[in-house]
Amino acid sequence: MGARPAPLLIFGAVFAAAFVLAALGYFSLRRWEAAAERQLHGQARDTAAMAAEKVEMAVVRAEQDAIAALQAAALAPDFGPAAVEAWKARNPLFNAVYVLDRQGRVLYPVGWTRDEAALVDALRAEISQGFWDRGGRRHVEASGHVILAAVIPGSARGPLLIGLRRDDQALHRDILKTALGGTEGQGALAILDGSGRPVFSSRPGERGEPVLTVPFGEALPAWRVALYQPDGLSPRDMVRRQAMIFMAALALLLVVIAGGLVATYRLVHRESEIARLKSDFVANVSHDLKTPLALIRMFAETLEMDRVPDERRRREYYGVLTRESERLSRLIDNVLDFSRIESGRQRYEIAAGAVEPIVHEVVESFRHPLHQQGFTVDVAIEPDLPDVPLDGDAMKQALANLVDNAMKYSGDRRHLRVAARREGGGVAVEVADEGIGIPIAERERIFEKFYRIGRSETQGRRGSGVGLALVKHIVEAHGGRVTVDGRAGAGSRFTVHLPGVS
Ligand code: ADP
């Protein structure tokens, strides 16, 4: 009982340590989450800014090329609507072109709608005299459209103001797709127009709240690049996953530690039990040796002093001497064999032989004590039993141990049955008694070394606890096995199953 608190204390300490570890793990994961969030944000900002720059550059370059082409056309003396039409066919990025001269006359388009008239008016209003003089390009918002305005000098009609309106579909097809098509990364990238409507998405179909948005330069005013984080990839999701893995690993570790502790505890417990059994064994063996020795000595002294006049009595005393010395040598053989088995030195000389004479010899060697203690014995040996692999002396010792036990653990019903029968190609030898029996739960353990059933009726009998361990070892060395049945209070039956000669 005194050993109880120690394992509990160890378990407590392990679980406390695991708790501290879990708490530390949790806090460091939270810190990691914040750092990952910051890093991801930084990366997302870089990606978005790069995309914005790429698109802006592509747009500006396309615009420059288009203006240069129109400027080249304007230099021709026959520049007119037909030349603009030809230019339009080659520059599908723009779906509307306006060409005005310095006086504000509209040279192209030749006829226009009301909407376009408003747009041209807005364009005129936006362009100052300074712009005419300085030249250059700028993006102008007119009637809800972004118009690229540029002054091109040197035409036959003097400087011309051109207004180019981009076609969103062409922009998507020719610029956004090419500029952003290869954008790789964890997130989805989208371009939102002035009203927040997506005009382009690197992963169409993916929605959600954008992680961040970045504006374009003046080429695409009010447009923004937006980055979306796909489901399951946000730092929070990753931390949640990591935390689960961490907790699972911790739980596994705890299970392993707990398993290890239980195994160690059981091992230590078992070792101390074996140590206790060993010391019991020494006491039991000494006691076992003393009893026959005392008897031998007493009867020998009586005989020596010639105090037994009666010849019948004398013979009886000689019988006691023989019996007790046989018992003594069986006991010593058991202990010696057991120690040889323990040190791995025990060898058996096994050769094909008959079981019948061995059974008879063992029963015969117990004839006197059986008779004296009032046992009746049934011996039933089937005729024509096959030979089996046998070490005669070892098998005799095994059977003698079984008969000795049957006598030791019989109560008032003193009847033994020894039988040998054919079993498969081999032989089964049974030794059955009608004694105190063996509880089912103990059937395995009685074959362990030093093990004795801890009941008062067993403990009252002499024994060292190695007899059945020896029987098991001998039978198994013959390639066989030993089984036991019967119940507590209803006698026991030990059966030695020996295989045939192969
Ligand atoms: P022991 O020297 O104690 O007899 P064994 O190894 O021969 O040692 O037997 C182990 C235990 O098995 C015994 O202590 C006893 O409790 C039990 N046992 C063995 N044979 C019998 C039997 N025929 N009937 C009842 N119990 C038995």
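Each residue in the range 81-103 was checked for being surrounded by 12 or more Cβ atoms within 10 Å (Cβ to Cβ) and not in a helix (DSSP H, G or I), and 12 of them qualify. Entry remark, the range 450-479: residues being more than 8 Å from the ligand (Cβ to nearest atom) and either of a type in the set (S, T, N, Q) or at pLDDT 85 or above (or both) number 10 in total. Of everything listed in (1) surrounded by fewer than 16 Cβ atoms within 10 Å (Cβ to Cβ); (2) touching a Lys or Arg at 6+ places or on another chain (Cβ under 9 Å), the single unmet condition for residue 362 is (1).
For the range 227-242, the criterion of a residue being more than 16 Å from the ligand (Cβ to nearest atom), outside any loop (DSSP other than H, G, I, E, B) and closer than 30 Å to residue 147 by Cβ is satisfied by at least one position.
With respect to the stated conditions, residue 486 fails to be within 12 Å of the ligand (Cβ to nearest atom), free of Cβ contacts under 8 Å to residues at least 60 places away in the same chain, more than 22 Å from residue 342 (Cα to Cα) and within 43 Å of the chain's Cα centre (by Cα).
Restricted to the range 65-80, and to residues that are part of a helix (DSSP H, G or I) and in contact (Cβ under 8 Å) with a residue 40 or more places away in the chain, which residue is farthest from residue 234 (Cα to Cα)? So the residue we want is 75. For the condition in a helix (DSSP H, G or I), in contact with a Lys or Arg (Cβ under 7 Å, 6 or more places away or on another chain) and touching a residue at least 12 places away in the same chain (Cβ under 8 Å), residue 400 qualifies.
This table checks each residue for (1) crowded, with 19+ Cβ neighbours inside 10 Å; (2) touching a helix residue (DSSP H, G or I) at 6+ places or on another chain (Cβ under 6 Å); (3) at pLDDT 85 or above.
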position: 129; (1), (2), (3): no, no, no
position: 135; (1), (2), (3): no, no, no
position: 144; (1), (2), (3): no, no, no
position: 164; (1), (2), (3): yes, no, yes
position: 167; (1), (2), (3): no, no, yes
position: 182; (1), (2), (3): no, no, no
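Mind listing just one residue for me: the one in the range 313-364 that is in a helix (DSSP H, G or I) and among the hydroxyl-bearing types (Ser, Thr, Tyr) and, of those, farthest from residue 397 (Cα to Cα)? In this case the residue turns out to be 317. Of the residues screened, residue 214 is not one that is loosely packed, with under 15 Cβ neighbours inside 10 Å and at pLDDT 80 or above.
How many of the residues making up the range 299-312 are surrounded by 13 or more Cβ atoms within 10 Å (Cβ to Cβ) and assigned to a helix (DSSP H, G or I)?
Adding up the residues that qualify gives 4.
Listed here are the residues, each with its yes/no results for (1) at pLDDT 95 or above; (2) of a type in the set (Ser, Thr, Tyr); (3) under 51 Å from the mean Cα position of the chain (by Cα); (4) within 26 Å of residue 331 (Cβ to Cβ).
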residue	(1), (2), (3), (4)
359	yes, no, no, yes
364	no, no, no, yes
418	yes, no, no, yes
424	no, no, yes, no
446	no, no, yes, yes
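Would you please name the residue that is farthest from residue 204 (Cα to Cα), looking only at residues in the range 230-248 that are surrounded by 12 or more Cβ atoms within 10 Å (Cβ to Cβ) and modelled with pLDDT of 80 or more? Out of the qualifying residues, it is 247.
Within the option set 428, 351, being surrounded by 19 or more Cβ atoms within 10 Å (Cβ to Cβ) and either at positive phi or more than 16 Å from the ligand (Cβ to nearest atom) (or both) holds for one residue only, 428. Of all the numbered requirements in (1) in a helix (DSSP H, G or I); (2) of a type outside the set (Phe, Trp, Tyr); (3) under 23 Å from residue 330 (Cα atoms), residue 464 misses one, and that requirement is (1). Determine, yes or no, whether residue 434 is charged (D, E, K, R), over 19 Å from residue 357 (Cα atoms) and surrounded by fewer than 18 Cβ atoms within 10 Å (Cβ to Cβ). Criteria not met by residue 434.
On inspection, residue 402 qualifies as near the ligand (Cβ under 9 Å from one of its atoms) and either of a type in the set (A, V, I, L, M, F, W, C) or crowded, with 20+ Cβ neighbours inside 10 Å (or both). Scanning the range 369-397 for residues that are in a helix (DSSP H, G or I) and under 24 Å from residue 337 (Cβ atoms), we see that the one that is nearest to the ligand (Cβ to nearest atom) is 397.
Candidates 204, 153, 159: the one that is more than 48 Å from the chain's Cα centre (by Cα), exposed (fewer than 13 other Cβ atoms within 10 Å of the Cβ) and not basic (Lys, Arg) is 153. When the strands (runs of 3 or more DSSP E) confined to the range 124-167 are screened for residues that are closer than 22 Å to residue 59 by Cβ and hydrophobic (A, V, I, L, M, F, W, C), those reaching at least 3 such residues are found at 145-155, 158-166. Considering the conditions (1) surrounded by fewer than 17 Cβ atoms within 10 Å (Cβ to Cβ); (2) within 13 Å of the ligand (Cβ to nearest atom), residue 414 is excluded by exactly one of them, (1).
The values are calculated or read from the model by the stated rules, or taken from the named source; none is laboratory data. Because the structure is predicted, anything quoted here is derived from the model rather than measured. So basically every Cβ, Gly included, is an ideal-geometry build from the backbone, and we count neighbours across all protein chains shown.
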